[in-house]
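The values are calculated or read from the model by the stated rules, or taken from the named source; none is laboratory data. Note that the coordinates shown come from a computational prediction; the quantities given were computed from them, not determined experimentally. When we count neighbours, we look across all protein chains shown, and the Cβ atoms used for this are built from the backbone with ideal geometry, even at glycine.
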Amino acid sequence: MRAADLALALASAVAITVATSVAAEPASATSAVAAYALGAVMGALLLFRRRRPVTVLVLSLIVIMGYNLTDLPSVSPIWPLLLPLYTVARVGQATIGAAIGGATLLVSAGWVLNAGVPLLELFDGVLREAALLALALVAGTAVRHRELFAQEFTARLAAERQQQERESTRQVLEERLRIARELHDVTAHTVAVVGIQINLARELVEDDPDATRDLLDTARRVNADAIGELETAVRLLRGPADAAATDRHPVPDETMIEALLARAADGGLRVEFHREGTPRPLPAAVGLALYRIAQESVTNVLRHADDAAVTVTLRYGNEDVRLDIVDDGPRATAADHRPGHGLTGMRERAASVGGSLTAGPQPDGGFGVRARLPVSPAEESAAVTRR
């Protein structure tokens, strides 16, 4: 029980006792005892007003009416009920409070009228008690609305905070995914190409030292390019970079696909590259997506399709750009090409710029990857301005 509720019940009991004692004229021992008893009972009922507001209101009314039925001097039945009426309104049952209070007021007015009180005096008393009744109900209702507003405001703040936390978590996950995708694409391709160069160098180290040296130089060059791409990826993830760093290791785009294929050809892969349509500057995100899709596709061929030939076609359309990578490796089955991180990453890259990607075995053998990335005129204009 709250200390404030206890103090309020005690104060109400004292007020009712004093008012009842003052009303008793002439004073007597019986009226004094009755006043103390009435105050004590009314105060005790108020201790339960939060848990049973309507019950406390009804019991308080019964106690007041019962007291007034005795031969002791009567008291007004409204003002001792102000706190129970306020509590009933505060818990959202103002209608019940108004009905009980209104009925009490009518009974009290009839009682007083029957006692022979002049009409003008009766009317004045009824107006005052009606004003007290309305004040208690309005005050309780106002406090309830304020509490509901505060609760709703707190709930909205909590919901917004949770939404912000979910959004922050989503952004962190997306950023981690982007980092993982960049690192996977760069390192997977580098490991595949360098591994092929080193294996060839190992086979030729005794028979053809010059070719071995060339292969090792190629592996070293591929490794250096990969380090540059990793630096670029880290720089992009950290934020804007200085112009010198950008010039040293530019962000890969569709214009570098041919060089990528040339490095793969140095490792023994047979490559054909075709460019259809009118080449034009593409948005940086689209260019990077095309390059990474081509890089991952070539890496998969180096890993899974020995002695395969790859045909890469880059098509510039009016509203999109398409990239097809098809190899003629051994006839593939669904079990040979279970979806892995590479294919998933390519699909995510295409989706990140609003495009789509399909991949799967070809009817006549081999494997194909086909990506379609939309490009709007506004994005093309921005790309031209940047370049």
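What the table below lists for this structure:
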item	result
Subset of the range 104-124 [under 25 Å from residue 84 (Cβ atoms) and either modelled with pLDDT of 80 or more or of a type in the set (Val, Ile, Thr) (or both)]	104, 105, 106, 107, 112
Out of 82, 135, 127, sole residue that is closer than 21 Å to residue 62 by Cα, at pLDDT 80 or above and in a helix (DSSP H, G or I)	82
Pick from the range 205-218, criterion modelled with pLDDT under 75 and surrounded by 16 or more Cβ atoms within 10 Å (Cβ to Cβ), ranking: farthest from the chain's Cα centre (by Cα)	214
Among the candidates 382, 350, 335, residue that is modelled with pLDDT of 55 or more, assigned by TED's automatic domain parsing to the domain that holds residue 274 and among the small types (Gly, Ala, Ser)	350
Any hit, the range 52-62, residues being in a helix (DSSP H, G or I) and basic (Lys, Arg)	no
Cross-chain or 6+ apart pairs with Cβ under 6 Å, the range 83-110 first and without any contact (Cβ under 8 Å) to a residue 24 or more places away in the chain and over 11 Å from residue 54 (Cβ atoms), then assigned to a helix (DSSP H, G or I) and aliphatic (A, V, I, L, M)	109/126
Tally of residues being at pLDDT below 70 and small (Gly, Ala, Ser) across the range 181-201	2
Search result, residues across the range 252-289 that are closer than 25 Å to residue 329 by Cα, of a type in the set (A, V, I, L, M, F, W, C) and in contact (Cβ under 8 Å) with a residue 12 or more places away in the chain	256, 257, 260, 261, 264, 269, 271, 273, 289
Residue in the range 248-257 that is in contact with an Asp or Glu (Cβ under 8 Å, 6 or more places away or on another chain), assigned to a loop (DSSP other than H, G, I, E, B) and at pLDDT 75 or above present	yes
Residue within the range 104-120 that is surrounded by 15 or more Cβ atoms within 10 Å (Cβ to Cβ), part of a helix (DSSP H, G or I), out of contact with any His (no Cβ under 7 Å at 6 or more places or on another chain) and not assigned by TED's automatic domain parsing to the domain that holds residue 68 present	no
Residue check for residue 160: at pLDDT 80 or above, surrounded by 10 or more Cβ atoms within 10 Å (Cβ to Cβ) and in contact with a Phe, Trp or Tyr (Cβ under 8 Å, 6 or more places away or on another chain)	no
